[in-house]
Structure formats: structure tokens, C-alpha cells
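K.L.:
Below you'll find the structure I mean.
The values are calculated or read from the model by the stated rules, or taken from the named source; none is laboratory data. Keep in mind that what you see is a predicted model, and the values were worked out from it rather than measured. Here Cβ is always computed from backbone atoms with ideal geometry, including for glycine, and neighbour counts include all displayed protein chains.
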Amino acid sequence: MDELLATLMNYLRGIWRYRWYAMSVAWVVAVVGWIMVARMPDEYRASARVFADTDSILRPLLRGIAIESNVQQRLQMMTRTLLSRPNLEKVVRAADLDLVAKSDAEMETLLSRLAGNIRLGSTRRENLYTITYTDTDPEVAKRVVQATLNVLIETTLGDSRQQTDVAQKFLDEQIKEYEAKLVEAENRLKEFKRRYQGIMVSGQSYFQRLERATAQLQEARLELREAEQRLAALRGQLMGEEPVFGFAGRPWSRDNPARVTAPSARRGDGGGAFPASDPQILALEEELQTLLLRYTDQHPDVITLRNSIETLKKRQAERQAAEPEVVIEEPEPVEEPRNLAENPVYQQIKIAAGQAEAEVASLRVRVQEYESRVADLKHSIDTVPEIEAQLTRLNRDYAIHKANYDDLVKRRETARISESVDQTGESVRFKVIDPPRVPSKPVGPNRMLFDSFALVAGLGLGVAVAFLLSQLRPAVYDVSALRALSDFPVFGSISRVWTPELLMRRRLELGAYLIAAGGLLLIYVGVLFVVSGQGPGGALFAAMRNLL
């Protein structure tokens, strides 16, 4: 510890030995530094404040109709990319700074300076942004801030419009592609239906049609058996009834054909088992008209009913053609019958039997038709399911293309509405709170700080020079240092005798040194007073700058 203190004291003695060198270096460095600080140009800071209003009245009205873009995220991204090279180049051109840069190197320097001096501050909660720029020319600073503000607004709005245009272009291309696919699917489906028109029944599969035809066949057979039983019962009842009853003036006999009044003898009146005005045919025709109001001519029930009517008409014509001609002789004048009348029960049973026979014929035709259908369906059991599977695939492809096409068209309309909203500027509105302005007083450089740094640098450099000289030309200040330095024995030391002349000289030298140090500090205080601009210091500083 003692050795360390002794070494430190030797260093201090060495520096003190060359104190005038240290003072000279401090004076030179400090004065030169103060002159350089005084010659530094003033810096002016231009600023502007803008508010981004993201609350639009159209947003609740267009919810679900237009695309709701994340305006807050767009603003954050824009603030992060505002100082990118393309945006800085826009600022340079807008502020006419490109006229100053004569070469690529100067342009790079200018862009670097802009990137370092432009500041964008924001409060995320209030969407309030502050743009500042510092330059030696107040007009240039103002133009740069104005250009940066314009770039911020235009780029934020322009990016949204550009993204919408890109989205619309993509949607248009996709719509054209899916429209072509949709037309192709429609043509395939149309050609397939045209080729297998007689096999396919819309809305039902093969097994559903087979099951339905089988059920209809069973139902028709059951109805046919019921009708046949009913016809047999009516014929049995008809055999047990007499056509007429009562008494006449001449009794009826088989030998008197002139008295025959059976329907077969009245061919001219449309007689026979099926007269022209057969109620069964009329009933079926009325039923046919009713079905035509509900179905088309190709409906199975309509076709079956028409076949039944044609069958009844053919049978009626065949029976009329097969009946023998009956020669009707003129009856002899006889006494008019008395108390002779037709049996109403017989007539009703006869009519019912005719209707039942017509119904049986109709049901037989229907059973034959259903049997033919079932047979055809069973015959095509290997081909129809494959055709239906192909139809299902075609319908599925068409439905997928149609759904995608409709969805793309809907999205394109949504994009168009969003573009209209962006063009009106209602998605985000910028309100300039404080336009770009430049204060009359400069904001820099911080000359007080730089002047203080010049003083400290001068003092430090002076001490360093004195220490370096003390090491280059060392001296021995005590006996212990001499013993450590020499191998010869040291017997003692002789103290210096301070005469009055030496003391006076020492005091004068110390006073001069203190005056030099005090003068340096006094000048430093004066420099601080001048650069502060307080009172007459501002005018004095301006005059000194003009001289320098």
C-alpha cells in the first residue's frame, strides 16, 4: 500500500513538473474546440401532428357487405415502413432535394441523413402521430416534414386501393376460369341427359323406381282382383233378376220376336253392352282431364289411363261388330200393354256390371303396364345404376363449380364495394392537427455541452501530455526511489534551502499558473453565457460567429 502511494505521488510530481505544458495544451485544445463549436451551423426542427381517424360511420352499415380491413394494423405497418428507401426517395423528390444531389454518392448521403433525422412518434391509443425533422435550413426542414406527411397519407390509402385492385384482378381471373369449367360441366351434363333421356327419371334413383313400380304393380293386381270379384258378384245378381215385370194385353213369348225390346235389338239407338254413352268411358275421360291439369302427357298415370280408355273403346267396337243383325218385324196391332214396366233393380245391376267390367279392363291394362315397367327395370339392373352413378358425379362436379363460381362472384362484389369505400376515404381519415412549422429559434447544436466537452478534453489532453513527458524524462524525488533505481548504496540526502529569492520566484510562478487556469475557466464561463443566448449574449454570439 505504501509503495502504491509512493508511486502515485511520484506520478503526480512528474505531472506537476510539466504543468506548464499541460496548461498550454489545455488552452490550445479548449480555445480551438470553442471556435469550432461556435462555427457549427444552427439546426432547426420542423414538426407536424396528424390524427388518423379510424371510426367511420359506414363501418356498421357495411358490416357483412364489404370487407372490413384492419386499419389499425395498416397504420402500424405504414409507420414501420415509412423510412424505407422507396418512401425516402418520394420525400426527396417532393422536397426538391434531388436537385442538390449531383451524384449517386451524394444521393446516398442525403438518404442516410433523412433516415437518421426524420422521426415519427405515435400514441397507439389515440392514433396521433408526430413527424419531426432537423436541418440547418428551416425551409428545407419544413418541406421535408410536409413531404413525409403526404407520403404517410398517400401510401396508407394507396396501399389499400392497390391491394383491392390486386384482389379484384385475381377474382376476375378465377371467375373466368370457373365460368369456363361451369360451361363445360353444363355441356357434359346436358349431353349425358340427352343420351340417356329415356332411362333417367329426375328425382329418383334406380332402386327407388324399381321399388315404386313393384309397389304399384302389387297395388294394381290387388285392385284387379277386387274388381273381378265385384264383377262376378254383379253378374250373379244379374242372373237372378227379370228385366221387366207386370201384365200386358198379350202375353210375352219367345215365339213373338216382334215384342223383343232387349238392348241388342236397338242398335240404332246405341244399344249393346257398351252403348255410345258408356258411363265408364265418360268417367275415365273426366279423370283424364283432371290428371292433365296436374301432370304432363308423359306422366305414367296419364299414359295408363289413356290406354285404358282406348282399350274400352276397342272392346266396345269389337262387341258391336260381333253382335248379329236382328230383323225387327213390325208388330201387329195389339192391345197396348197394361201394367208393364222395366225392373229398376235389374237396370241398376246391369249398369254397375258394365262399370265393373270396364274397371276390370282398365286394371288389366294397368297391371300389364306395371309388369312391363318392372320387367324393363329388372332387365337394366346392370346398366342403370352405373348411368345413375355417372349422373351423380356430373351433378356433383356441376354443383361444386356452381358453388365456387357464385362464391367468387359474391366476393368480387364485396371487393368492389370495399374499393368504393376506400375511394371515398371513409375507411381512415387523416386530420392534420398541427401543420408543418419551424420555430424561430434553433434547437441545436447543444453548444453548452460541446463547449464543456472541449474544456474537459483540453484539460485531459494537457494532463496526458505532462504525464507522457514525465515518463520520457523521469526524475528522482526521494531517497527510496533512488535506492530502487540504483545499485549503489545511498548514504543520505541533502534538503533544499529556500532562500527569499527562491520563495518569491516560486510564488510568482504559482500565481501565474493559477491566473492561467483561472483565465481558462473564466473564458469557459463567458463562452457558456454567450452561447446561452440570454440577454446581450445572443447578439454577442451572433457577432462572434460573423467574425469567425
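K.L.:
When the range 490-513 is examined, which residues are found to be hydroxyl-bearing (Ser, Thr, Tyr) and part of a loop (DSSP other than H, G, I, E, B)?
P.N.:
As a first pass, look at the range 490-513 and keep what is hydroxyl-bearing (Ser, Thr, Tyr): 493, 495, 499, 513.
493, 495, 499 - these are the residues of the range 490-513 that are hydroxyl-bearing (Ser, Thr, Tyr) and part of a loop (DSSP other than H, G, I, E, B).
K.L.:
Sticking with this structure for a sec: Hey, can you tell me all the residues within the range 43-87 that are touching a helix residue (DSSP H, G or I) at 6+ places or on another chain (Cβ under 7 Å), at pLDDT 65 or above and of a type in the set (A, V, I, L, M)?
P.N.:
Of everything in the range 43-87, those that are touching a helix residue (DSSP H, G or I) at 6+ places or on another chain (Cβ under 7 Å), at pLDDT 65 or above and of a type in the set (A, V, I, L, M) turn out to be 46, 48, 50, 52, 75, 78, 82, 83.
K.L.:
Another question about this same structure. Of (1) under 20 Å from residue 429 (Cβ atoms); (2) surrounded by fewer than 16 Cβ atoms within 10 Å (Cβ to Cβ), residue 146 satisfies all except one. Which?
P.N.:
(2)
K.L.:
Can you tell me which residues in the range 479-512 are polar (S, T, N, Q) and exposed (fewer than 10 other Cβ atoms within 10 Å of the Cβ)?
P.N.:
493, 495, 499
K.L.:
Inspect all residues belonging to the range 10-25 and state whether any of them is assigned to a loop (DSSP other than H, G, I, E, B) and either surrounded by 14 or more Cβ atoms within 10 Å (Cβ to Cβ) or modelled with pLDDT under 90 (or both).
P.N.:
yes
K.L.:
Answer yes if at least one residue in the range 126-142 is assigned to a loop (DSSP other than H, G, I, E, B), in contact with a Leu (Cβ under 9 Å, 6 or more places away or on another chain), modelled with pLDDT under 85 and buried (at least 17 other Cβ atoms within 10 Å of the Cβ), and no otherwise.
P.N.:
Yes, the range 126-142 has at least one match.
K.L.:
Then there is this: Within the range 328-374, track down each residue that is surrounded by fewer than 12 Cβ atoms within 10 Å (Cβ to Cβ) and modelled with pLDDT of 70 or more.
P.N.:
Correct list: 344 only.
K.L.:
Regarding the range 472-489, can at least one residue be identified that is assigned to a helix (DSSP H, G or I), closer than 28 Å to residue 9 by Cβ and either in contact with a Cys (Cβ under 8 Å, 6 or more places away or on another chain) or modelled with pLDDT of 90 or more (or both)?
P.N.:
Checked against the condition, which is being assigned to a helix (DSSP H, G or I), closer than 28 Å to residue 9 by Cβ and either in contact with a Cys (Cβ under 8 Å, 6 or more places away or on another chain) or modelled with pLDDT of 90 or more (or both), the range 472-489 yields no hits at all.
K.L.:
Another question, then. Determine whether the range 408-422 contains at least one residue that is over 30 Å from residue 225 (Cα atoms) and modelled with pLDDT of 85 or more.
P.N.:
Yes.
K.L.:
Also: Here is a check on your reading of the model: is residue 427 over 30 Å from residue 165 (Cα atoms), modelled with pLDDT under 85 and assigned to a loop (DSSP other than H, G, I, E, B)?
P.N.:
So residue 427 fails the test.
K.L.:
Out of all the residues in the range 190-211, is one or more modelled with pLDDT of 75 or more, over 30 Å from residue 77 (Cβ atoms), of a type outside the set (A, V, I, L, M, F, W, C) and surrounded by 15 or more Cβ atoms within 10 Å (Cβ to Cβ)?
P.N.:
No, the range 190-211 has no match at all.
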